[in-house]
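The values are calculated or read from the model by the stated rules, or taken from the named source; none is laboratory data. Everything numeric in this text was worked out from a predicted model, so none of it was measured. Side chains are part of the model used for accessible areas, which takes the heavy atoms of the whole protein and leaves out ligands, DNA and RNA. Shrake-Rupley method; radii C 1.70, N 1.55, O 1.52, S 1.80 Å.
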Amino acid sequence: MLADPTDCRFVSTDECGSFEGVLIDVRTPEAYDEAHIPESENFCVHQVDFLEQVHEVYPDRSTKLLVYG
């Protein structure tokens, strides 16, 4: 279910603007409601089923995800 760790890397804020993929905000829904990056989706990392929720919405493991929070 998890991506190969070698496919993961940190990106700068400059790179975020040109990212082609899905932006995932992992903060609480309350924090997301206060402010978030436009077009991002909220999946709270504190939920026990966090990975299952993301996988349910994005089952294709080749989908590029940028996770922030």
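Before I look further, what does the chain give for accessible area per residue, probe 1.4 Å, in whole square angstrom? Spell out each step's value before the answer.
Numbers: 5430 Å² over 69 residues.
Result: 79 Å² of accessible area for each residue.
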Along segment 46-53, Karplus-curve 3J(HN,Hα) (6.51, -1.76, 1.60; θ = phi - 60°) to the nearest Hz, with x for Gly and Pro, reads 7, 6, 4, 9, 3, 5, 5, 4
Carbon plus sulfur, as percent of the 1.4 Å-probe accessible area of the chain, comes to 54 percent
Using the Kirkwood radius over Cα pairs of segment 17-60, the Stokes-Einstein translational diffusion coefficient at 37 °C and 0.692 mPa s, in µm²/s and rounded to a whole number, is 293 µm²/s
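Nearest 500 deg cm²/dmol is fine: what mean residue ellipticity at 222 nm does the chain get from its DSSP H runs of n ≥ 4 alone, each adding -39,500 (n - 2.57), divided by its residue count?
Dividing the helical sum by the residues of the chain leaves -6000 deg cm²/dmol.
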Computed over the chain, the relative contact order (Cα-Cα under 8 Å, seq sep at least six) in percent reads 40 percent
Interchain or sequence-distant (5+) residues whose placed amide H lies within less than 5 Å of the amide H of residue 42 are 25
Amide H proximity to residue 67 below 5 Å, modelled H, separation 5+ or other chain, gives 24
Calc'd 3J(HN,Hα), segment 29-34, phi into Karplus 6.51 cos²θ - 1.76 cosθ + 1.60 (θ = phi - 60°), Hz, glycine/Pro = x, comes to x, 5, 5, 4, 5, 5
